[in-house]
Structure formats: C-alpha cells, structure tokens
Amino acid sequence: MNVCAQDCQSNLQAEQYIEEHRDLSASHNCYAYKLNQEQRANDDGEPSSTAGQPILSAINAEQLNGVCILVTRYFGGTKLGTGGLARAYGGAARDCLRLAEKEVFQRQASVQMKVPFNSLGPVYQVLNKHNAQQRTEQYCEAGEVTIDVEIAVNSLEEMKQDMLDATHGVVQPDLLQ
C-alpha cells in the first residue's frame with residue numbers, strides 16, 4: 001500500500017489532488033476527504049465500505065478538517081477479506097495522519113472600515129493588537145482611508161469594541177460578506 005495526504009480547501013482541490021496522485025497501474029486508489037460538513041469516501045472497486053469509510057474514520061478520529069487522503073493498493077495475491085481490508089486501509093490512513101505535520105487554521109472574517117486621517121495611529125494599534133492582516137488601503141480625497149483587513153473570527157468582537165474605544169466611536173468596522 002501507498003498512502004499520501006494533503007490539505008485541501010475545496011472539493012475541486014481534493015479531486016485534483018486525487019487525480020494527480022492516483023496510480024493507474026494499481027488495483028485500487030481509494031480515498032476520503034472532509035471539508036467542513038461535507039465528507040466523501042470512495043472504495044474504488046473494493047467491497048462496499050471496506051476502504052473509503054475506514055480512511056474517513058481515520059480523519060474523523062484525528063478531528064481533522066480540510067484534508068484528503070489517498071491510499072493506493074497493489075494486489076499481491078493474498079485475499080484480506082472485508083475485515084482485513086478495512087483494517088489495512090484504516091491503519092494506513094491513521095499511520096499517515098499520525099506522522100503528518102498539522103497546522104491549526106482559524107476561520108477568518110473580512111472587515112472594512114473608513115478611517116479619518118487623524119485616527120490612523122489608534123486604528124493601526126488596534127489592528128496590530130489583534131493580529132489583523134491588512135488586505136487593502138485606499139486613500140480618498142475626503143480625508144479618510146478605507147482599510148480592508150482579515151481577522152480571526154474569535155477576535156472579531158473584541159477588536160470591534162477596542163476600535164470603538166480607541167477612536168471614541170468614530171471608526172466602526174463593518175463585516176464584509
């Protein structure tokens with residue numbers, strides 16, 4: 001068996017990864033991926049639920065999201081039976097995930113604010129305090145700057161309150177859709 005895993009942020013990205021890494025000379029290229037609430041598993045000709053589902057179970061056991069795993073099996077003449085197949089696919093996926101480097105991803109929110117020039121100092125301080133990532137900054141002739149930032153969702157409400165306090169209610173961050 002050969003196993004590989006990749007982070008993925010969309011169905012398209014997961015499907016492209018599978019297409020690029022499947023071995024057409026192998027007996028089976030079984031996979032699973034999980035993206036938020038959507039989960040997909042494929043047995044690629046193995047008996048039903050003996051390959052894709054055990055791979056998906058390994059992803060869920062590690063409480064992961066945004067990951068795709070492809071397990072490639074080359075038939076070597078030994079029949080494993082349905083229990084043996086499930087243990088082999090699930091075990092390969094589990095071992096791969098345990099060895100893999102993991103990153104914690106925080107959900108981000110896009111925020112826009114209109115800032116008078118004389119409030120830029122306090123605004124930048126608040127944005128830095130909350131590790132907001134500035135995306136764009138547009139200067140207008142009207143004496144203000146429109147700033148777009150990305151910020152962790154779990155910091156959003158505190159940042160909004162800090163912004164109101166630091167600018168005495170002048171700058172009100174708006175959540176973009």
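The values are calculated or read from the model by the stated rules, or taken from the named source; none is laboratory data. Since the structure is predicted, the reported quantities are computational estimates derived from the model, not experimental observations. Please note: Cβ atoms are built from the backbone with ideal geometry, for glycine as well, and neighbour counts cover all protein chains shown. Areas reflect the complete protein model, heavy atoms only, side chains present, ligands, DNA and RNA absent. Shrake-Rupley method; radii C 1.70, N 1.55, O 1.52, S 1.80 Å.
Considering only the stretch 1-79, give the strands (runs of 3 or more DSSP E) lying wholly within it that have at least 1 residues that are open to solvent by 70 Å² or more (accessible area, probe 1.4 Å).
2-7, 38-42
How many of the residues making up the stretch 97-126 are within 13 Å of residue 67 (Cβ to Cβ) and surrounded by 18 or more Cβ atoms within 10 Å (Cβ to Cβ)?
The total comes to 1.
With respect to residue 93, determine if the residue is farther than 21 Å from residue 9 by Cβ and either among the aliphatic types (A, V, I, L, M) or surrounded by 11 or more Cβ atoms within 10 Å (Cβ to Cβ) (or both).
Answer is no for this residue.
If a residue must be surrounded by 13 or more Cβ atoms within 10 Å (Cβ to Cβ) and assigned to a strand (DSSP E or B), how many such residues does the stretch 138-177 contain?
Within the stretch 138-177, residues that are surrounded by 13 or more Cβ atoms within 10 Å (Cβ to Cβ) and assigned to a strand (DSSP E or B) number 9.
Please specify each residue of the stretch 90-125 satisfying the condition of being touching a residue at least 60 places away in the same chain (Cβ under 8 Å) and touching a Leu at 6+ places or on another chain (Cβ under 8 Å).
Answer for the stretch 90-125, where residues must be touching a residue at least 60 places away in the same chain (Cβ under 8 Å) and touching a Leu at 6+ places or on another chain (Cβ under 8 Å): 97, 109, 110, 111, 112.
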